[in-house]
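Undergrad: To start, I am sharing the structure in question, which I have written as structure tokens.
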Amino acid sequence: FRVEGGLWDGRTLYDLYGEAQTPFEWHEPLFRRARELGVTLFSSPFDETAVDLLEELGAPAFKIASFEAVDLPLVAYAASKRKPMIISTGMANLDEIGEAVRTARENGCQEIVLLHCVSSYPAPDEQSNVRTVPDLAERFGVVSGLSDHTAGSAVAVASIALGGCVVEKHFTLRRADGGPDSSFSLEPDEFRGLVEDCRRAWRALGKATYDHQGWEKGSVEFRPSLYVVRDVAAGETLTRENVRSIRPGHGLAPKHLPELLGRR
């Protein structure tokens, strides 16, 4: 099981997972500290013993990683705890996603988040296909989002603009420190920018409307309208020389100019 090509070329999965795993014994102090800080903390179990550990620690949800989305016995066991589940869908085809969702629901989980994911590390923007995010929500009747391995935050923000509700992004204190996923992780300032941009995108969605919004209402008077700009005697013809479209917008709308020209 040796990786060929890409970021982890030549490394065995055993070695890679050994470096990347969060040791079981770290979880209890991490959960304790998270509670002190008011941070929601959960973890990705890769077997039933990890599900048991997280259940004992009071994890509020379970995250099933992309590679484990086809491990239906694991999905079923996590679902039996009747907590929300986040399932990444990298590499999974439509049938496999459907099987995972059905397995989760049949075993007691009714609150499911599906994350569209491209299991490439890092993932190119042009392969992201974020239109899949709203499609997942519509097809399976779930909350959907994006597990993002691209550089920067643009792709994640795009997923929010399309209706995504959850973003997963790798985080590091400093890329220069290294690590198995450091090259496509965000540093603190970048992560803060991601959060702010996603929140702005979410607030900006609103609804489809053509009514005047906010300051627009006061700006209407600054549009042009029709005014007589020279002295016009009784019976004189209205022409382009004595009627013009100028500001402010308290008069007739400019669209009426053809109806006025030539009148007396």
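The values are calculated or read from the model by the stated rules, or taken from the named source; none is laboratory data. This structure is a prediction, so every number in the text was calculated from the model and none was measured. Note that each Cβ is placed from the backbone with ideal geometry, even for glycine, and that neighbours are counted across all protein chains shown. Ligands, DNA and RNA are excluded from the accessible area calculation, which covers all protein heavy atoms including side chains. Shrake-Rupley method; radii C 1.70, N 1.55, O 1.52, S 1.80 Å.
Undergrad: For the peptides 184-194, 137-147, 168-178, what is the packing order when you average, over each peptide's residues, the other Cβ atoms within 10 Å and list the highest mean first? Numbers along the way, then the final one.
TA: Values: 184-194: 15.7, 137-147: 19.7, 168-178: 13.6.
My ranking of the peptides, most packed first, is 137-147, 184-194, 168-178.
Undergrad: Further, regarding this structure: Please state the relative contact order of the stretch 31-177 as a whole percent: Cα pairs under 8 Å, 6+ residues apart? Please list the in-between numbers first.
TA: Details: 252 pairs, mean separation 23.7, N = 147.
Here the relative contact order equals 16 percent.
Undergrad: For the chain, give the share of DSSP beta bridges that are antiparallel, in percent and rounded to the nearest 5; count only bridges with both residues there.
TA: Taking every DSSP beta bridge with both residues in the chain, the antiparallel ones total about 25 percent.
Undergrad: Over the chain, what is the relative contact order in whole percent, taking alpha-carbon pairs under 8 Å and six or more residues apart?
TA: The value is 10 percent.
Undergrad: Place a label point 7 angstrom from the Cα of Q110 along the Cα-to-Cβ direction, then list the residues of the stretch 60-92 whose backbone nitrogen is under 15 Å away.
TA: 80-85
Undergrad: Further, regarding this structure: Could you order the peptides 215-228, 48-61 from most to least packed, using the average number of other C-beta atoms within 10 Å per residue?
TA: By packing density, highest mean first, the sequence is 48-61, 215-228.
Undergrad: Further, regarding this structure: Using a 7 Å offset from the Cα along the Cα-to-Cβ direction at both D95 and F24, what is the distance between the two label points in nm, to one decimal?
TA: 3.6
Undergrad: Divide the volume of the convex hull of the Cα atoms of the stretch 51-175 by its number of residues and quote the answer in cubic angstrom per residue.
TA: Values: hull volume 13.5 nm³, N = 125.
Expressed per residue, the convex hull around the Cα atoms of the stretch 51-175 is 108 Å³.
Undergrad: Taking only protein heavy atoms into account and a 1.4 Å probe, give the accessible area per residue of the chain in Å².
TA: I get 62 Å² per residue for this part.
Undergrad: I've got another one for you. At 0.36 nm per residue, and after removing the present C-alpha to C-alpha distance, how many nm does the segment from R131 to Y210 gain when stretched out fully?
TA: Length gained, R131 through Y210: 25.9 nm.
Undergrad: If you don't mind, there's one more thing I want to ask. Give me the distance between the Cα centres of the stretch 30-71 and the stretch 80-158, rounded to whole Å.
TA: 18
Undergrad: Measuring from a point 7 Å past the Cα of A234 along Cα-to-C-beta, which residues in the stretch 248-264 have an amide N at less than 16 Å?
TA: Those under the cut-off are 264.
Undergrad: Excluding same-chain residues fewer than 8 positions from K81, which lysines have a Cα within less than 20 Å of its Cα?
TA: K63
Undergrad: Send over the semi-axes of the stretch 96-166's equivalent ellipsoid, whole angstrom and largest first, taken as the square roots of 5 times the C-alpha gyration tensor eigenvalues. Spell out each step's value before the answer.
TA: Numbers: eigenvalues 110, 32, 17 Å².
Result for the stretch 96-166: semi-axes of 23, 13, 9 Å.
Undergrad: Calculate, in nm to one decimal, what A253 and V39 gain on full extension: separation in residues at 0.36 nm each, minus their alpha carbon distance.
TA: Between A253 and V39, full extension yields an extra 71.5 nm.
Undergrad: For the stretch 65-133, with all protein chains present and a 1.4 Å probe, just round the carbon and sulfur fraction of the accessible area to a whole percent.
TA: 47
Undergrad: Next up: At what distance in nm do the modelled label points of R102 and A176 sit from each other, each positioned 7 Å from its Cα along Cα→Cβ?
TA: 5.3
Undergrad: Sticking with the crude label model, points 7 Å out along Cα→Cβ, report the distance from E196 to R244 in nm, one decimal please.
TA: That separation, rounded to one decimal, is 4.5 nm.
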